[in-house]
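Undergrad: Below you'll find the structure I mean.
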Amino acid sequence: MKRATYIGLSVTLGLAVVFSSSALLAQQGAGHNHIGHVMDGWRDTPEGQGFLPAAIAEARIAAQHASLASRDLNDLDAMKRHSAHVLHAVDPEAIENGPGLGYGVKKAAAGAAQHITAASNADGASGAVQTHATHVATSAQNTVARADQIVALAQKIAMASSAADASSLVTDLNTIAQQLLSGQDANGDGRTGWQEGEGGLEVAETHGNLMKQAEGID
């Protein structure tokens, strides 16, 4: 009888371990799915890429055209044309046509922030996920804030009546458009961190990749 009891207890404990492990894997899987949405793929982005790669692709277009807009601050037509191109890459809902991918930095960065936060809040999320998710989400939210600034500037440039009126706006537009990717050293400590007002999409990408590495996600 004792042997049978021991066997029964061993089986019970073994099943408990299996069920516990399965539950943990299921919880981790939910969080990992959200990480995948941010880093690897989402259903409505250009070419089905992740929110963060989509945001980066659009930000590169925006940065390129912001640079072109600021090339000649005496050419009002060129400033307006390229500023409109920046606007399209940042928020295509604000302007119909342009060289962007049709998704927009703002929408993609907002999606990245939402889904990485969901990964952090998932049951069973590891410390690594929770830590890096904060860094990714904050940098993505910084990008949304910069996108809003760019939209406002581009709309003012479109209404400018002279190159003199537009030039300072274009200079500001270019500065912020470059920060979509690189972020900025807002506190002057010699580095660009992930904190509010600092990190951009490149910081978000770095911490997203660190998260994947820590979780063993290919």
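Undergrad: Quick one: count up the residues across the stretch 125-144 that are more than 12 Å from Trp194 (Cβ to Cβ) and touching a residue at least 24 places away in the same chain (Cβ under 8 Å).
TA: 5
Undergrad: Hey, Asp123 hits all of (1) modelled with pLDDT of 95 or more; (2) loosely packed, with under 15 Cβ neighbours inside 10 Å but one; which does it fall short on?
TA: Checking Asp123 against (1) modelled with pLDDT of 95 or more; (2) loosely packed, with under 15 Cβ neighbours inside 10 Å, the one that fails is (1).
Undergrad: Count, please, the residues in the stretch 187-218 that happen to be over 23 Å from His32 (Cα atoms), surrounded by 15 or more Cβ atoms within 10 Å (Cβ to Cβ) and free of Cβ contacts under 8 Å to residues at least 24 places away in the same chain.
TA: Residues flagged as over 23 Å from His32 (Cα atoms), surrounded by 15 or more Cβ atoms within 10 Å (Cβ to Cβ) and free of Cβ contacts under 8 Å to residues at least 24 places away in the same chain within the stretch 187-218 amount to 2.
For (1) farther than 15 Å from Ala55 by Cβ; (2) in a helix (DSSP H, G or I), each residue gets a yes or a no:
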position	(1), (2)
Arg71	yes, no
Met79	yes, yes
Leu87	yes, yes
Leu101	no, no
Gly111	no, yes
Ala128	yes, yes
Lys156	yes, yes
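Undergrad: Considering only the stretch 187-206, state which residues are part of a helix (DSSP H, G or I) and polar (S, T, N, Q).
TA: Thr206 - this is the single residue of the stretch 187-206 that is part of a helix (DSSP H, G or I) and polar (S, T, N, Q).
Undergrad: Show the residue pairs that are 6+ apart or on different chains and have beta-carbon atoms under 8 Å apart, the first residue being within the stretch 112-124 and at positive phi, the second being modelled with pLDDT of 95 or more.
TA: So the pair list comes out empty.
Undergrad: Which pairs have Cβ atoms under 9 Å, sit 6 or more apart or on different chains, and link a residue in the stretch 100-111 that is closer than 12 Å to Asp44 by Cα and in contact (Cβ under 8 Å) with a residue 60 or more places away in the chain to one that is among the acidic types (Asp, Glu) and part of a helix (DSSP H, G or I)?
TA: Ala108/Glu58
Undergrad: Given the criteria of a type outside the set (Val, Ile, Thr), assigned to a helix (DSSP H, G or I) and either surrounded by fewer than 24 Cβ atoms within 10 Å (Cβ to Cβ) or modelled with pLDDT under 95 (or both), does Ala118 qualify?
TA: The answer is yes for Ala118.
Undergrad: Any chance you could count how many residues in the stretch 158-168 are surrounded by fewer than 21 Cβ atoms within 10 Å (Cβ to Cβ), part of a helix (DSSP H, G or I) and among the aliphatic types (A, V, I, L, M)?
TA: Total satisfying the criteria: 4.
Undergrad: Spot the failing condition for Thr138; the list is (1) in contact with a helix residue (DSSP H, G or I) (Cβ under 7 Å, 6 or more places away or on another chain); (2) assigned to a helix (DSSP H, G or I); (3) buried (at least 20 other Cβ atoms within 10 Å of the Cβ), and only one is missed.
TA: Among (1) in contact with a helix residue (DSSP H, G or I) (Cβ under 7 Å, 6 or more places away or on another chain); (2) assigned to a helix (DSSP H, G or I); (3) buried (at least 20 other Cβ atoms within 10 Å of the Cβ), the lone unmet condition for Thr138 is (1).
Undergrad: So which of Arg60, Arg3, Arg43 is of a type in the set (Lys, Arg), in a helix (DSSP H, G or I) and modelled with pLDDT of 95 or more?
TA: Step by step, each of Arg60, Arg3, Arg43 is checked, and only Arg60 is of a type in the set (Lys, Arg), in a helix (DSSP H, G or I) and modelled with pLDDT of 95 or more.
Undergrad: Continuing with this model, one more query. In this structure, does Ala89 turn out to be among the hydrophobic types (A, V, I, L, M, F, W, C) and in contact with a His (Cβ under 8 Å, 6 or more places away or on another chain)?
TA: Answer is yes for this residue.
Undergrad: Another one. Only residues that are in contact with a Gly (Cβ under 8 Å, 6 or more places away or on another chain) and among the acidic types (Asp, Glu): list them for the stretch 186-207, please.
TA: If the condition is that a residue be in contact with a Gly (Cβ under 8 Å, 6 or more places away or on another chain) and among the acidic types (Asp, Glu), then Glu198, Glu202 are the ones that fit.
Undergrad: Restricting attention to the stretch 174-186, does a residue exist that is surrounded by fewer than 21 Cβ atoms within 10 Å (Cβ to Cβ), modelled with pLDDT of 95 or more and farther than 24 Å from Gly104 by Cα?
TA: yes
The values are calculated or read from the model by the stated rules, or taken from the named source; none is laboratory data. Nothing here was measured: the structure is a model prediction, and the numbers come from that model. No Cβ is skipped: glycine too gets one built from the backbone with ideal geometry, and neighbour counts run over all protein chains shown.
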